[in-house]
Amino acid sequence: MPSASTRVRTSIELRTPLLLTRAFAGARGVTLRAVLAYVAVWALIGGVSRFSMSALGLYFAPPGSSSLDTVAVVFMLLPAAALANSTASRVPELEAVRSRVLLVAQCLWLLAIVGAATIVPWATSFTLSQAVDRNSYFSTWLLVLSAMLVVHAVTTTMVASMVAMSLVAAFSTPGLVPWEYNLIYNLAEKGLAAGVGIVLLLIWGSLQVAQHTRQVGIPNPD
């Protein structure tokens, strides 16, 4: 039977990674309230799809199937901005660890962001209108998110939000983007939209790794 000191040491060893993870996430603005708000926004997007109609999205859609309403697409900017804003720490002094450890932690965090960007929209997709094409829904989200992340990687959250909003506005303005290239509302282009989103997501990951790889080369002052 393990001694009391052994049990205490084991308990500390188990709690330490959890505390570090909590601190790492908290430094990026991830709290219980923020997580609940993130889930609520996705439920709201589904609700908007039930009570709003977009002439641009529905007019060209095959019977019985449609893309998301423009308002719902605009609401996607909120979770995209939240995820982009969570890529950087608000309290860098809390992460005064060796650069190589920070690089690994950041890579794991990027995977966590991708997981949150995938699981929550999928889990709340039951709130969508039955007329909304699910594949188009996910490809649109991937496009909006990846565009936000790439711009945010080289600028700020405000600039990234403005660029993503401009992108949505361009695709939502009738006649501005030829219909055969409208990656948000043209259901026939949902495969291309997903492909563009994946490429942008890979570019974002590469930018993040390159940024933290440069930090590895910076000598630790300690």
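The values are calculated or read from the model by the stated rules, or taken from the named source; none is laboratory data. This is a predicted model, so every value here is computed, not measured. Ideal geometry is used to build each Cβ from the backbone, glycine not excepted, and the neighbour counts take in all protein chains shown. The accessibility values were calculated without ligands, DNA or RNA, using every heavy atom of the protein model including side chains. Shrake-Rupley method; radii C 1.70, N 1.55, O 1.52, S 1.80 Å.
Positive contributions from Lys and Arg (+1) and negative ones from Asp and Glu (-1), summed over other residues with Cβ under 10 Å from the Cβ of residue 128, come out at +1. Estimated at the nearest 10 Å², the accessible area of residue 155 is 60 Å² with a 1.4 Å probe. Structural descriptor for region 141-189: relative contact order 23 percent, calculated from alpha carbon pairs under 8 angstrom and at least 6 residues apart.
Modelled spin labels at residue 32 and residue 134, positioned 7 Å past Cα toward Cβ, are 3.2 nm from each other.
Taking 7 Å steps out from each Cα toward its Cβ at residue 159 and residue 51 produces label points 3.8 nm apart. Annotation: residue 66 carries an accessible surface of approximately 10 Å², with a 1.4 Å probe and no ligand, DNA or RNA atoms counted.
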